[in-house]
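Asker: Pasting in a structure now, in C-alpha cells, and then I'll have a few things to ask.
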Amino acid sequence: MRIEQLQSVLKTKFAILIPLDGRVNITGCQVLFDGQFLLLDQINRRLMNFNTDGVHIKDITFDRIPFDICLFGDQTVVVSILDKNQILLVDIENSLILKSFPVEGSCNGLDSNGETLIVRLQDKGIVIITDID
C-alpha cells in the first residue's frame with residue numbers, strides 16, 4: 001500500500017477538563033502500550049491520563065512547567081521541565097516521580113527506546129543518556 005492510499009478514521013473523541021480561567025496549552029502527548037494516552041498541559045502544569053475510550057482518569061501535577069514527554073517503559077514516561085532545566089522519570093500507574101535529572105539547558109525534545117534517552121537541549125544540541133536507572 002502506498003502512503004497516498006492511507007485513510008484516517010476517527011476512533012474516538014474526548015474532552016479535556018478546562019480550568020476556570022479557560023487556559024490550556026498541550027505541548028506533549030504519548031500513547032501507552034495498553035492504549036491509554038497522556039497529554040501534557042503546560043499552563044496548568046499537569047500530565048492528563050485518559051483511558052482507551054478517551055475518558056479522563058487522573059492528573060499528575062508538577063511544581064514547574066512541563067514541556068515534552070516520551071515513553072520509557074510500560075507505565076513509565078520521561079517528562080522535560082522547561083523552566084528548571086530538568087527531566088523527570090514518572091511512574092504513571094502510581095503517580096510518582098521516580099527520579100529527576102538536571103540537564104545543561106532548556107529541554108525541548110525527548111525520545112527513548114526504553115533503554116536509551118535522547119534529549120534535545122536548546123543551544124546545546126543532542127545529549128544521549130544511556131544510564132537512567
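Asker: Can you find a residue that is part of a strand (DSSP E or B), in contact with a Lys or Arg (Cβ under 7 Å, 6 or more places away or on another chain), of a type outside the set (Val, Ile, Thr) and over 23 Å from Thr12 (Cα atoms) anywhere in segment 44-60? Before you say what the answer is, go through the steps one by one.
Answerer: Within segment 44-60, the subset part of a strand (DSSP E or B) is 46-50, 56-60.
This time we only want the ones that are in contact with a Lys or Arg (Cβ under 7 Å, 6 or more places away or on another chain), so: 49, 59-60.
Adding the requirement that they be of a type outside the set (Val, Ile, Thr) leaves 49, 59.
Still in the list and also over 23 Å from Thr12 (Cα atoms): none.
No, segment 44-60 has no match at all.
Asker: Looking only at segment 45-56, which residues are under 11 Å from Ile16 (Cα atoms) and in contact with a strand residue (DSSP E or B) (Cβ under 6 Å, 6 or more places away or on another chain)?
Answerer: We begin by selecting, within segment 45-56, every residue under 11 Å from Ile16 (Cα atoms); these are 48-50, 54-56.
Matches in segment 45-56: Met48, Asn49, Phe50, His56.
Asker: While we're on this one: Quick check on segment 32-48. Is at least one of its residues touching a Gly at 6+ places or on another chain (Cβ under 6 Å) and at pLDDT 90 or above?
Answerer: Step one: of segment 32-48, the residues touching a Gly at 6+ places or on another chain (Cβ under 6 Å) are 40.
Then drop every residue that is not at pLDDT 90 or above, which leaves 40.
The answer is yes, given that some residue of segment 32-48 is touching a Gly at 6+ places or on another chain (Cβ under 6 Å) and at pLDDT 90 or above.
Asker: Which members of segment 66-94 meet the condition of being assigned to a strand (DSSP E or B) and of a type in the set (Val, Ile, Thr)?
Answerer: Ile69, Thr76, Val77, Val78, Val79, Ile81, Ile87, Val90
The values are calculated or read from the model by the stated rules, or taken from the named source; none is laboratory data. On a predicted model such as this, the values are computed, not experimentally measured, just so you know. Note: ideal-geometry Cβ built from the backbone for every residue, glycine included; neighbour counts use all protein chains shown.
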